[in-house]
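A.B. asks: Handing you this structure, nothing more for now.
Quick note: the coordinates plus some simple rules give every number you see, no bench work behind them. This structure is a prediction, so every number in the text was calculated from the model and none was measured. Using ideal geometry, Cβ is built from the backbone for each residue, glycine included, and neighbour counts are taken over all protein chains shown.
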Amino acid sequence: MCVPQQADNPVTQRLANRTLLSDNNSMTAQRADAAARRALILDAADHVFGQHGVTAPLDLVVERAQVGRATLYRNFPDRTALIQALLQRTVDRIRRQVEQLGDRDDALFEVFEGMAQRIIDSPALADYWRAVDSDVPAMRAARETVRDLLEEPIARAKAAGLCRADLEKTDISLISGMLGAALRGKTRDERAQLAGRALQLLRGGLQGATSEAR
């Protein structure tokens, strides 16, 4: 004889749903905690490398981030991975800045100011990235990404007459090198002064041709 199947118990189903929801919330919280720890490590590394150079002992990063060595190496297997993550974070910040600036005609110059500020704040990292072989995959990818991000801001600046018509995205590396002259400053104040002057000359140079045309 065929026995009819009983409908699922409503109470049992509710308990199952609550368990599933609790598990999902727990996983979300764990991911958030992991992301927060990763951010703490990157912030600490940025500070330590800025103070002591990129060859500083990683124990200083662990101490400042207040995490265990296992947590550091679980996120970043070695120093190179940590430095490359800082590079990627810089690229991500440029991306966010470009998005936040939207369709502003002067977005290009705002990004240049942001680049200069990062050189002022993190000179050791900036100097390291300038010295790394441009053929290193991570560096090549970062440079290409930044160039692509600035393609639209360059086009808007040209259309608005804010910069010379022959500026191309491939010139960004040259411009970055010009801003990098601020690294000659031995103190933060000296770097800020040099970066400010470099920005002034850069803006004048990029706008010079358009000013003469008008």
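A.B. asks: Between Arg69 and Ala138, what is the FRET efficiency for a Förster distance of 35 Å, r being their Cβ-Cβ separation, to the nearest 0.05?
C.D. replies: Details: r = 24 Å, r/R0 = 0.68.
E between Arg69 and Ala138, to the nearest 0.05, is 0.90.
A.B. asks: Skipping prolines and chain starts, which residues have an amide H placed within reach, meaning under 5 Å, of the one on Gly53, given they are 5 or more residues away or on another chain?
C.D. replies: The answer is none.
A.B. asks: Something else about it: Per residue of the stretch 145-162, in order, report the coupling 6.51 cos²θ - 1.76 cosθ + 1.60 (Karplus, θ = phi - 60°) as ³J(HN,Hα) in whole Hz, putting x for Gly and Pro.
C.D. replies: Values, residue by residue: 5, 5, 4, 5, 4, 8, 4, 5, x, 5, 4, 5, 4, 5, 4, 8, x, 8 Hz.
A.B. asks: Turning to a different aspect of this structure: How much length is gained if the chain between Ser173 and Asp127 is pulled fully straight, taking 0.36 nm per residue apart and subtracting their Cα-Cα distance, in nm to one decimal?
C.D. replies: 15.2 nm
A.B. asks: Could you work out the local net charge near Lys169, counting Lys and Arg as +1, Asp and Glu as -1, over the other residues with Cβ closer than 14 Å to its Cβ? Each step should come with its number before you reach the end.
C.D. replies: Details: positive: Arg143, Arg147, Arg156, Lys158, Arg164; negative: Glu144, Asp148, Glu151, Glu152, Asp166, Glu168, Asp171.
Net local charge, Lys169 excluded: -2.
A.B. asks: Tell me, what is the FRET efficiency for Thr187 and Gln207 to the nearest 0.05, using R0 = 35 angstrom and their Cβ-Cβ distance as r?
C.D. replies: Values: r = 30 Å, r/R0 = 0.86.
Using R0 = 35 Å, I get an efficiency of 0.70.
A.B. asks: Taking 41 Å as R0, compute the FRET efficiency from the Cβ-Cβ separation of His52 and Ala159 and round it to 0.05.
C.D. replies: Details: r = 45 Å, r/R0 = 1.10.
With a Förster radius of 41 Å, E is 0.35.
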